[in-house]
Amino acid sequence: MKNKTVFSCGKKAGGLLMASALLAISLTACGSADNTAANGEVVVYNWGEYIDPETIDMFEEETGIKVVYDEFETNEIMYPKVEAGASAYDVICPSDYMIRKMIDNDLLAEINFDNIPNAKENIGSQYWEQARGFDPENKYSVPYCWGTVGILYNKTMVDDTVDSWSILWNEKYADNILMQDSVRDAFMVALRLNGNSMNSTDPDELSAARDLLIAQKPLVQAYVIDQVRDKMIGGEAALGVIYSGEAIYTQRENPDLEYVIPKEGTNVWIDSWVIPKNAPNMENAEKFIDFMCRPDIALLNFEYITYSTPNDAARELIEDEEIRNSSIAFPDLSQYDLETFSYLGEEGDALYNSMWKEVKSN
């Protein structure tokens, strides 16, 4: 679950159960990652509300290893803290493009998969293949959660076929369109509509995408992050760009909502477990990741946060057949033109941010 800043490529706030109070209790019990990790501990740095607290308790009970748990709100907040080495974490859960940046900057340890058998046995091959977009040899990361970005629409408010990003430029839905307040997600929509890669750094392609977003701006009710979920549930907008995990939740709250992956293609994101090079408890880190890849544990986390699990064995345990076979939760990735976000480098980031400022200020 990701709270997004202007440049974050993270996900939602709030999980299926909205158990903030329970998580807060768990975190208080676990302590702070600023404390020096001792033998018998594993120091975990993860997104807020992105794990079922029960699984942490189960890990501690079964292994006797104390979990010291810390949270971050965005990849961009997490990265400098890890880079500075001020806090020695054992396990971190970054997003795809940030994992590539950490690999490029020699911050991650290669994973010994012999010590993480549940990853090799239970993570589906298509997710390992998708992860090669940011971890080319699958040496540094273990997929934890994944999803797509698409259009959520209210069937009682939209009478057109929704199969293309272009509907977000339809004047009929002026002031009823919600866009993600995120440079990469916003530009992804415009770039894919123009037939370009969402990782393009071509100035001409980015300028065309910027102009498209500026032209769309008068039609947009709001640039939002978590609010897209609540506004769509409440019928306050007709169309919104949303993450697939949130779409599952919104449909349960409002059956008039439908989610589609546009024909031009979209982002498939993956958040993965990684181990920093300076991890003080490497063995415990491997045990923690292996535990999280166990089918019953992966199922608990899927049910808690609603984002898709790459754990095929856990999917088989889902009792609700509609969810287990959901084209939203588990789309056939081979049927779509999908990309993962790539790390663009400092110059690429600066170019996107500069053009995003033009969109927002125009």
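The values are calculated or read from the model by the stated rules, or taken from the named source; none is laboratory data. Small disclaimer: the values here were computed from a predicted structure and weren't measured. Cβ: placed from backbone, ideal geometry, glycine included. Neighbour counts: every protein chain shown. Ligands, DNA and RNA are excluded from the accessible area calculation, which covers all protein heavy atoms including side chains. Shrake-Rupley method; radii C 1.70, N 1.55, O 1.52, S 1.80 Å.
One table, with the values for the structure above:
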read-out: Matching helices (runs of 4 or more DSSP H) fully within region 287-331 where at least 1 residues are open to solvent by 10 Å² or more (accessible area, probe 1.4 Å) and touching a Phe, Trp or Tyr at 6+ places or on another chain (Cβ under 8 Å); value: 312-316, 321-324
read-out: Any hit, region 280-298, residues being without any contact (Cβ under 8 Å) to a residue 24 or more places away in the chain and touching a Pro at 6+ places or on another chain (Cβ under 7 Å); value: no
read-out: Boolean, residue 344 is crowded, with 18+ Cβ neighbours inside 10 Å, within 18 Å of residue 93 (Cα to Cα), in contact with a helix residue (DSSP H, G or I) (Cβ under 8 Å, 6 or more places away or on another chain) and not small (Gly, Ala, Ser); value: no
read-out: Residue under evaluation residue 323, criteria (1) closer than 23 Å to residue 96 by Cα; (2) within 20 Å of the chain's Cα centre (by Cα), criterion not met; value: (1)
read-out: Output for region 227-271, where each listed residue is in contact with a Phe, Trp or Tyr (Cβ under 9 Å, 6 or more places away or on another chain) and either basic (Lys, Arg) or at positive phi (or both); value: 229, 263, 265
read-out: Enumeration of residues in region 202-230 that are surrounded by fewer than 18 Cβ atoms within 10 Å (Cβ to Cβ) and either touching a Pro at 6+ places or on another chain (Cβ under 9 Å) or under 28 Å from residue 144 (Cβ atoms) (or both); value: 226, 227, 230
read-out: Some residue of region 172-181 being farther than 30 Å from residue 334 by Cα, assigned to a helix (DSSP H, G or I) and either at pLDDT 95 or above or open to solvent by 40 Å² or more (accessible area, probe 1.4 Å) (or both); value: yes
read-out: Any hit, region 15-28, residues being at pLDDT below 95, within 22 Å of residue 286 (Cα to Cα) and outside any loop (DSSP other than H, G, I, E, B); value: yes
read-out: Filter pass, residue 334 being under 21 Å from the mean Cα position of the chain (by Cα), surrounded by fewer than 17 Cβ atoms within 10 Å (Cβ to Cβ) and not in a helix (DSSP H, G or I); value: no
